Amino acid sequence: MKDIEIPDPSWGSELAGVILDLEKLRTKRLGGDVPPHIFFQLKDIFHILETLGSARIEGNNTTLSEYVEKIIEENVNDENNDEIKNLEKAIDFIEENTDEETILNRAYISEIHKIITKDLTQPPHGEGSKNPGELRTHNVKIKSSGHTPPEHFLLQEHFERFIDFINFAHKEQYQLLMVAIAHHRFEFIHPFDNGNGRMGRLLNYAFLIKLGFQVKTGRLINPSSVFYTDRDKYYEMLSKADSLDDNDILEWCEYFLLGLKNEIEKIDSLLNMRYVTQEILLPTLVLALESEHITKQEFKILEYLINKDDMSMKSEELSFLGINDSKKKSIIMGKLKEKRIVESISKGGRIYTIRFVNNYLLRGIMKVLKEKGFVSDFLNTN
C-alpha cells in the first residue's frame, strides 16, 4: 500500500496561479475595520451557512428560510435541525482546539465524528452512527458513485497513512495541495460507517486554521460553499479523482482550490465597515421597516447606531434624535432589547449595539446576503 503523494503541478499552469493567489490571501494582513461585536455576529451567520450547506449536501431537506424561522422562534427540536446543530458544535470544537501547532490525530478526528453524530438516528434511517468515533467494521458502498471504498480489514492502514499525510511537514508550496488531496482521500477511504461527507468538509475548516488562514481571528469563511454551489459538479470531480491518476488528482485540486480562492476573496469584503454598513445592514433595516418588524422611530435609532464608527451607542444619545425625556429613552431602549434587536456590550449595560443573528433582522440579513451573492440558491431549494 503506497503512501499518499502530492503530484507536481506545472508551475506555469492555472492551478499554480490559484495556489499563488491563495498564498497571498493566507499571509494577507486583514485590515478590516468592522468592530468585533459586528464581526462575530457575521461569523455566526457564516457558520449557519456552512453547517446547513454541508448537511444539505448529504440530503438534509431543511431550507435556509425554514432554519432561520426556527432560530428566530428558538424552535430547533427535530432530527434535521439536530444534525445542523451538531455541525455547529463541531465547528466550535475545531475553533477551540485547533491552531497552527495542532496534530490532527485519530483522537481529534474521532471526537469530531462523535459530535456530529450525537443523538441522531443510526443508519440506514438517520445520520447518526452505530459506533461514533470508531472506524467502520464492515464494507460500504457510496451512493451515486462507482467507487468502492477499501475493505474494512484494510481500513486501519489506510487511515494511518491519511493521518501521516495531513500532519507531515509539507513544504509551503504543497500545503494547499495537501488540503485538496486530503479531502478527496478522506472520502475515498470512507473511514466511518456514516457522516464521512460532513467529516471531510469539517476537516477542511480545521486545515485552514492549521495553515494560518486567520479563521479564528479575523476572517469569515464558508469552505463548504465550494461544493454545494453545484453539488453535481462536486460529486463529478470527486469521482474523477477516484482514479488516483496524477492528472485527475491535479484537476480535482484546481477545482477545489479555485473555489476556495473565489470564496475567500468574496467574503473578505465583509471585513470593510463601510461595505457592511451601506450594503448589508442598512438594506436589512429597510426590509425590516417595510415588513413592519421595526417602527420608523426604531429604524432611525438603528440607522444612527450602525453609522457610528464603533457601531454602538448609549441611550443618552437618543437626544440627538430629538428624544430628550429620560423615561421615554428607557422605554424605547427597553423595547429594542425585548425584541433582541439591540444588546449590551459593556459591563454596566449602558452601551448597546445592533443584534441581527437571533431575531427578525436575520430574515433581512439572509435576503441581502443572497442578493449580494453570498448565499447560494441551493440552500433554499426543495
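Side notes on the structure shown:
- A straight Cα-to-Cα reach below 18 Å connects Lys335 with the lysines Lys296, Lys300, Lys314, Lys327, residues fewer than 8 places away in its own chain not being considered.
- Coil-residue GluC sites (Glu not before Pro) of the range 93-154, DSSP, other Cβ within 10 Å capped at 15: Glu100, Glu101, Glu134, Glu151
- Fully extended contour minus Cα-Cα distance, from Arg161 to Ser319, at 0.36 nm per residue: 50.3 nm
- For the range 242-303, applying the loop criterion from DSSP together with a ceiling of 16 other beta carbons within 10 Å to the trypsin sites (Lys or Arg not before Pro) yields no site.
- Computing Rg and the Kirkwood Rh from the Cα coordinates of the range 14-270 gives a ratio, Rg/Rh, of 0.94.
- At R0 = 30 Å, FRET efficiency that the Cβ-Cβ distance of Asp377 and Lys89 yields, to 0.05: 0.65
- Computed over the range 273-371, Cα set: Rg, Dmax in Å: 12.9, 40
- Sum of -39500 (n - 2.57) over DSSP H runs of 4+, divided by residues of the chain (222 nm, nearest 500): -17500 deg cm²/dmol
- Relative to the longest principal axis of the Cα atoms of the chain, the long axis of helix 106-117 makes an angle of roughly 60 degrees.
- For the range 276-296, backbone nitrogen atoms closer than 15 Å to the point 7 Å from Lys328 Cα along Cα-to-C-beta are found at 296.
- Principal-axis analysis of the Cα atoms of the chain puts helix 14-27 at an angle of about 50° to the longest axis.
- Isotropically averaged projected area of the range 1-154, using the convex hull of Cα atoms (one quarter of hull area), nm²: 13.5
- Sites matching GluC sites (Glu not before Pro) across the range 227-310 that sit in DSSP coil, with at most 10 neighbouring C-beta atoms within 10 Å: Glu292
- Cα-based convex hull, the range 217-333, per residue volume (Å³, whole number): 138
- Counting charges near Asn60 (Lys, Arg +1; Asp, Glu -1) among other residues having Cβ under 14 Å from its Cβ returns a value of -3.
Every number here is computed from the coordinates shown, using simple stated rules; none is lab data. The structure displayed is predicted, hence computed values, not measured ones. Counting neighbours? That spans all protein chains shown, and the Cβs are built from the backbone with ideal geometry, glycine included.
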